[in-house]
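Q: Quick one: this structure, given as structure tokens, is what I'll be asking you about.
Throughout, read-outs are computed from the coordinates displayed, never taken from laboratory work. None of these values were measured; they are calculated from a predicted model. We place every Cβ from the backbone using ideal geometry, glycine too, and count neighbours over all the protein chains shown.
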Amino acid sequence: MLFKRLGYSDRIMIVVIYVFLILLSFTALYPFWNTLVVSLNEGLDTAKGGVTFWPRIFTFSNYATVFDDDQILNAFMITILRTIIGTISAIFMTALLAYGMSKSYLMGRKFFTIFFIVTMYFGGGLIPTFLLIKSLGLMNNFLVFIIPGLISVWNMIIFRTFFKSLPVGLEESAQIDGCSNWGVFLKIILPLSGPVIATLGLFTAIAHWNDWFAPTIYITNQDLMPVQTVLRRLLNANLFNQASGSGNVNSLTLETLGQKSLTAKSIISATIMVVSLPIIAVYPFVQKYFVKGVMVGSLKE
């Protein structure tokens, strides 16, 4: 009814906008959909071309092969552990730091604020960071996934802004009742910070889940490789095979890909879906916190 009340030019503009948004959504969703289709299609049939919107020869063999590969399963578990432990520890430590920085009576508060902000714009570089990680004994150590990412200055600023917006009377009444600073933080501040924790926690989890660069530099032990790094090696091996004209699958999955109907592309597509779906499934549960959680960082002090 509202559309019929609009003028001719307004109708045309609305139609143009909707067509543009549909095309934009299609360009964003189609690569993901095509990867899903390829992962559900027989590998050799996919190599013939023409598999676009729907599997031509439907099969779960690609996924069965992925889950039979011990290396991929181990990498998947490393990624899950890293994401869970890294996200919880990073959010807790960042919130703890932000709680202290939110107090105006903190000695040296301005100095620490400037100190933290400087680290957002200036870093030591790749080689000094590598030497630091090596000197700390974190090479080929699971903690290399956790310790360097414990504090995020940007997240700390968002947490601090939110903490300063909370009524001071909440903490004062708790302290009058005998609650310590730890008690105030754990029993009052954190429970009230659900939207911010959910939003920043999701961003932190995605960063841990998608990281492939750090393991490439700091990890040589195959048992500690996360799935993103393994997936990147699969992709690189597939590109090398294509460039060299080899029809063989890469060495990472050679032992488990003995079936003739499988190809490197089909296995890579199945691996991408296995890696992507778990983190995508988290979005609906925290979506309602996005607007409130993200807007906190835009509030002026």
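Q: Which value in nm describes the separation of the simple spin-label points at Cys179 and Val282, placed 7 Å from the Cα toward the beta carbon?
A: Using points 7 Å along Cα→Cβ, the separation is 2.8 nm.
Q: For the chain, restrict the atom set to alpha-carbon positions and state the Rg and Dmax in Å.
A: Looking at the chain, its Cα Rg and Dmax stand at 24.8, 75 Å.
Q: Simple spin-label model, 7 Å along Cα-to-Cβ: Ala207 to Ala28 in nm?
A: My value for the distance between the label points is 2.2 nm.
Q: Against the longest alpha carbon principal axis of the chain, how many degrees, from 0 to 90 and to the nearest 10, is the axis of helix 126-135 turned?
A: 80
Q: Could you list Leu192, Leu277 so that the one with the fewest beta carbons within 10 Å of its beta carbon is first and the one with the most is last?
A: Values: Leu192 14, Leu277 10.
Least to most surrounded, the residues fall as Leu277, Leu192.
Q: A follow-up question, please. Between Phe60 and Ser9, what is the label-to-label distance in nm when each label sits 7 Å out along the Cα-to-Cβ direction?
A: 5.8
Q: Within 10 Å of each residue's Cβ, count the other Cβ atoms and sort Thr65, Thr216, Thr79 from fewest upward. Display every interim value, and only then the final one.
A: Details: Thr65 22, Thr216 14, Thr79 27.
Sorted ascending by nearby Cβ count, the order is Thr216, Thr65, Thr79.
Q: Now for a separate question. For Lys48 and Phe116, calculate 0.36 nm times their separation in residues minus their Cα-Cα distance, and state this gained length in nm to one decimal. All intermediate terms of the calculation are to be shown ahead of the outcome.
A: Numbers: separation 68, 0.36 × 68 = 24.48 nm, distance 5.49 nm.
Value of the extension gain: 19.0 nm.
Q: If you don't mind, another one. How tilted is helix 264-286 with respect to the longest principal axis of the chain? Cα atoms for both, answer in degrees (0 to 90, nearest 10).
A: 30
Q: Where does the longest stretch of the chain lie that holds no chymotrypsin sites (Phe, Trp or Tyr not before Pro) found in a DSSP loop with 12 or fewer other Cβ atoms within 10 Å? Present the calculation step by step, with values, prior to reporting the outcome.
A: Working: sites that count: Phe53, Phe60, Tyr105, Phe122.
That would be 123-301.
Q: Please give the length that would be gained between Arg232 and Val19 if that part of the chain were fully extended, namely 0.36 nm times their separation in residues minus their C-alpha to C-alpha distance (nm, one decimal). Before the final figure, lay out each step's value.
A: On the way: separation 213, 0.36 × 213 = 76.68 nm, distance 3.54 nm.
In short, 73.1 nm is gained.
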